[in-house]
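A short reminder: the numbers here are calculations on the coordinates, not readings from a lab. Bear in mind the structure is a predicted one, so any value in this text is a computation, not a measurement. All Cβ positions, glycine included, derive from the backbone under ideal geometry; neighbour counts span all protein chains shown.
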Amino acid sequence: MTAWATLIAVEDGSISLDDLIDDRGCTVRHLLCHAGGYGFDNPTPIVSPERKRIYSNTGYDLLAAYVAEFVDMDFAEFMAEALFSPLGMISSALVGSAAKDVHGTLDDVCKFAAELREPTLLARETYVNATATQFPELEGVVPGLGSFSPCPWGLGPEIHGAKHPHWMPERASGSAFGHFGGSGTFLWVDPPTNIACFALTDREFGEWAIDAWPRFGEAVLEEGRSA
């Protein structure tokens, strides 16, 4: 959701994907796809940009601060105005870090999933770019799952690619994209089947999710294909 709001700011001309975030050459694009070289939760860069895919909460907090500077409002307010309100996500709010603290309901996630299937807030070209792998040669780590080479990621969503084992169903296409959170939540979209799957829980991500989510996703795909 933070990535989507950032891309809306790109489309309205407030910022650009190529804007520099720091003096190391890190750009908005790098931060969106976790290629900026920042650690998971550390403001000190670990490597130079475009060297490794490092999932970074810090990067998304930096993004939110950068967007807020150029839209002349707090990022939480901008997200509510640019994303939640037009999609009718009346129960959702950013209540802390832009990397992890959106609170909302399953009904609102359903509305966002519909946006991810058929965008209404982004131009088609932006949507295609956002859901395509950026810097496809990069290796990296998916937190809680392990290292992958390559480790495909879009401008916000993780791309399934050939990762195995994975939290998305094995039979999902390589172009499937989505995200999961440490709070035990996930959302993915499989473009060839136009199926979206999502869940909210208050059970911290762990082995149970790695076991349950792919099996649940397989059942959803099977049901969708036979409908």
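Rounded to the nearest 20 Debye, what is the dipole magnitude of the chain about its Cα centre when Lys and Arg each give +1 and Asp and Glu each give -1 at the C-beta? Kindly include the intermediate steps, with their values, before the conclusion.
On the way: 14 positive and 32 negative charges, 136 e Å.
Dipole magnitude for the chain comes out near 660 debye.
Within the shell of other residues whose beta carbon sits under 12 angstrom from the beta carbon of A196, the net charge comes to -1, with Lys and Arg scored +1 and Asp and Glu -1.
The modelled label-to-label distance between S149 and A162, using points 7 Å beyond Cα along the C-beta direction, is 1.3 nm. Dipole orientation for the chain: of the candidates H34, W208, I46, W208 has the Cα lying most toward the positive pole (charges on Cβ; Lys, Arg +1; Asp, Glu -1). If R0 is taken as 25 Å, the Cβ-Cβ distance between S183 and E81 corresponds to a FRET efficiency of 0.50.
Semi-axes of the equivalent ellipsoid for the stretch 30-81, computed as √(5λ) from the eigenvalues of its C-alpha gyration tensor and ordered from largest down, come to 23, 9, 9 Å.
In µm²/s, what is D for the chain at 37 °C and 0.692 mPa s, where D = kT/(6 pi eta Rh) by Stokes-Einstein and Rh is the Kirkwood radius from Cα pairs? Display every interim value, and only then the final one.
Values: Rh = 17.7 Å.
Here the translational diffusion coefficient equals 185 µm²/s.
Using only side-chain charges placed at the Cβ, +1 for Lys and Arg and -1 for Asp and Glu, the dipole size of the stretch 160-212 relative to its Cα centre rounds to 180 debye.
Approximating the spin labels as points 7 Å out from Cα along Cα→Cβ, the E11-to-S91 distance works out to 2.6 nm.
Here the spin labels are modelled as points 7 Å beyond Cα on the Cα-Cβ line, and at E223 and T44 they lie 4.9 nm apart.
Please report S175, S16, S92 as a ranked list, fewest other C-beta atoms within 10 angstrom at the top and most at the bottom. Before the final figure, lay out the partial values.
On the way: S175 17, S16 13, S92 23.
Neighbour counts put them in this order, fewest first: S16, S175, S92.
Distance between the C-alpha centres of the stretch 1-71 and the stretch 207-227: 32 Å, rounded to the whole angstrom.
Quick one: of the DSSP bridges fully inside the chain, what percent are antiparallel, nearest 5?
Numbers: 20 of 22 bridges.
DSSP beta bridges in the chain are roughly 90 percent antiparallel.
Think of it as helices only: each DSSP H run of n ≥ 4 in the chain is worth -39500 (n - 2.57), and spread over all residues that comes to -9500 deg cm²/dmol at 222 nm.
At full extension, T201 and F70 could sit 43.7 nm farther apart than now, given 0.36 nm per residue minus the alpha carbon distance.
Quick one, what does Rg over Rh come out to for the stretch 34-168 if you take C-alpha atoms and the Kirkwood Rh? Write down the numbers at each step before the final one.
Details: Rg = 15.7 Å, Rh = 16.2 Å.
Rg/Rh for the stretch 34-168 comes to 0.97.
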